[in-house]
Amino acid sequence: FSSVVVQAVPKSWEVALGKAVLMQYRIQHEFLESAEATASLGELTQHLTQLRADSGYQYHFYILNSSELNAFALPGGTIVI
């Protein structure tokens, strides 16, 4: 049943949902947004995004300013590390 539902949800809806959740999350959490952090993250994730280039998603990675080891993905290609 879930595979039928997944196919019925438009990617644009997933992207919008992911952006909305990220906006809410950013209210209470600090992200690293320096040029150095962004460049380092790009180097780490470039291989992953190339492997999934055929997915139909544009991936967006964010770095959470936290000492905890954790990561999560949101709908539509948003990933927080």
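Loop-located GluC sites (Glu not before Pro) in segment 1-63 (DSSP state not H, G, I, E or B) with no more than 13 neighbouring Cβ atoms inside 10 Å: GLU30, GLU33.
Where Rh is the Kirkwood radius over the Cα pairs of segment 14-81, the temperature 25 °C and the viscosity 0.890 mPa s, what D in µm²/s does Stokes-Einstein return? Don't skip to the answer; put the middle values down first.
Numbers: Rh = 12.7 Å.
My calculation gives 193 µm²/s for D.
For LEU51, tell me the accessible area in Å² from a 1.4 Å probe, rounded to the nearest 10. For LEU51, the solvent-accessible surface is approximately 110 Å². Surface exposure of the chain, expressed per residue as accessible area with a 1.4 Å probe, stands at 77 Å². Here the chain exposes an accessible surface that is 58 percent carbon and sulfur, computed with a 1.4 Å probe and the other protein chains kept in place. Against the main long axis of the alpha-carbon atoms of the chain, helix 35-51 sits at an angle near 30°. The GNM of the chain, with springs linking C-alpha atoms under 10 angstrom apart, assigns the highest mean-square fluctuation among GLN28, GLN46, GLN58 to GLN28.
The values are calculated or read from the model by the stated rules, or taken from the named source; none is laboratory data. Computed from a predicted structure; not experimentally measured. Backbone-built Cβ (ideal geometry, glycine too); neighbour counts: all protein chains shown. These area figures cover heavy atoms from the full protein model, side chains too; ligands, DNA and RNA do not enter into them. Shrake-Rupley method; radii C 1.70, N 1.55, O 1.52, S 1.80 Å.
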